[in-house]
Structures are given as structure tokens and as C-alpha cells.
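In what follows, a single structure is set out as C-alpha cells and then discussed.
The values are calculated or read from the model by the stated rules, or taken from the named source; none is laboratory data. None of these values were measured; they are calculated from a predicted model. A quick note on method: Cβ atoms are made from the backbone with ideal geometry, for glycine too, and the neighbour counts reach across all protein chains shown. Accessible surface areas use protein heavy atoms only, side chains included; no ligands, DNA or RNA. Shrake-Rupley method; radii C 1.70, N 1.55, O 1.52, S 1.80 Å.
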Amino acid sequence: SYAESQKQALEGADALLIVTEWKEFRTPDFDGIAASLRDRIVFDGRNLYEPELIRSFGLEYLSIGRR
């Protein structure tokens, strides 16, 4: 399905998968992400964020090549 916005794409989603380094994804609203995701899991394929920062928002954070 197609979403009109980032927020709409997250509504009811099980997880967020990050597979790009586009500028618009560099400073997301982590509170909004945590509120939207059902399972509150972020898979970061680009290692954009610091794990402890993401976890401080109550999100489970899994990234490639680090813990």
C-alpha cells in the first residue's frame, strides 16, 4: 500500500525498517514513532542512530553489525 506521509506509513505498522540515508529520515520524531508502532521495533539497516538514544524512547533497536 502507499502512504501519503511518513506518519501515515507508521500507523498500525509492526516495525520500522530503515534502508535509506535520506536527509528527511535523519531527525525523526521518536515519540511519534513509538506511539504508532504496534511492536515498537526499529530495524536500522544504515546505522543512522545511536542505540541508547532510540532505546530511551522505549523502542527495541536492532542495527546491522552492532548491539
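Values as computed for the structure displayed
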{"read-out": "Qualifying positions in the range 45-67 - basic (Lys, Arg) and in a strand (DSSP E or B)", "value": "Arg66"}
{"read-out": "In the range 34-44, residue least open to solvent (accessible area, probe 1.4 Å) [restricted to those that are over 22 Å from Gly65 (Cβ atoms) and not in a loop (DSSP other than H, G, I, E, B)]", "value": "Ala34"}
{"read-out": "Odd one out for Gly12 among (1) surrounded by 11 or more Cβ atoms within 10 Å (Cβ to Cβ); (2) part of a loop (DSSP other than H, G, I, E, B)", "value": "(1)"}
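Yes/no matrix, rows are residues, columns are (1) at pLDDT below 95; (2) out of contact with any His (no Cβ under 6 Å at 6 or more places or on another chain); (3) surrounded by 15 or more Cβ atoms within 10 Å (Cβ to Cβ):
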{"site": "Gln8", "(1), (2), (3)": "yes, yes, no"}
{"site": "Glu21", "(1), (2), (3)": "yes, yes, no"}
{"site": "Arg26", "(1), (2), (3)": "yes, yes, no"}
{"site": "Arg46", "(1), (2), (3)": "yes, yes, no"}
{"site": "Arg55", "(1), (2), (3)": "no, yes, no"}
{"site": "Gly58", "(1), (2), (3)": "no, yes, no"}
{"site": "Ser63", "(1), (2), (3)": "yes, yes, yes"}
